[in-house]
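Contents: one structure, followed by commentary.
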Amino acid sequence: MRGTTARWITLTLLVGAALSACGSDDNNGTDGGSEDPVVVQITFENGEVEPNGERIEVDAGQPIDLEVTADEPGEIHIHSDPEQEIPYDTGTETIKIQIDKPGVVEVESHDLDQVIVQLEVR
């Protein structure tokens, strides 16, 4: 009986270790972040923009959807490496970006000389 019990204990430990190694992955199997996009709603209206300098945490490599609603066309500047200048039109559109390097990345409007959001990339 002792040999059988020892084998069951060993088998249980091996299965437990294997399950721990294969366990659920909070970042959906990607290195550095969730596959679910962070959605940032940006509104340009009457020469002003909302949000205004808020800091938003994102994972490195996580998709980011900038949902831009604007009463006139313009351009968003993303101070990442490399920097990005992304035009938008009047109306509503979604700009998809991704930042792969950790740090704080400012998204701003040069026309308004204003930081829209700071993306804190972890």
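The values are calculated or read from the model by the stated rules, or taken from the named source; none is laboratory data. For clarity, every value in this text was computed on a predicted model and none was experimentally measured. Cβ coordinates were reconstructed from backbone atoms using ideal geometry, including for glycine residues, and neighbour counts include every protein chain displayed. Protein only, heavy atoms only, side chains kept; ligands, DNA and RNA dropped before computing areas. Shrake-Rupley method; radii C 1.70, N 1.55, O 1.52, S 1.80 Å.
A compact table of results
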read-out: Subset of segment 86-109 [open to solvent by 60 Å² or more (accessible area, probe 1.4 Å), in contact with a strand residue (DSSP E or B) (Cβ under 7 Å, 6 or more places away or on another chain) and either more than 11 Å from Ile42 (Cβ to Cβ) or among the basic types (Lys, Arg) (or both)]; value: Pro87, Thr90, Lys96, Gln98, Lys101, Pro102, Val104, Glu106
read-out: Cross-chain or 6+ apart pairs with Cβ under 6 Å, segment 95-116 first and farther than 16 Å from Pro37 by Cβ and touching a residue at least 40 places away in the same chain (Cβ under 8 Å), then assigned to a strand (DSSP E or B) and among the charged types (D, E, K, R); value: Val104/Glu120; Val115/Glu106; Val115/Glu108; Ile116/Glu108
read-out: Test for Glu83: is it out of contact with any helix residue (DSSP H, G or I) (no Cβ under 6 Å at 6 or more places or on another chain) and surrounded by 11 or more Cβ atoms within 10 Å (Cβ to Cβ); value: no
read-out: Test: residue in segment 31-42 that is at pLDDT 95 or above, in contact with a Ser or Thr (Cβ under 8 Å, 6 or more places away or on another chain) and at negative phi; value: yes
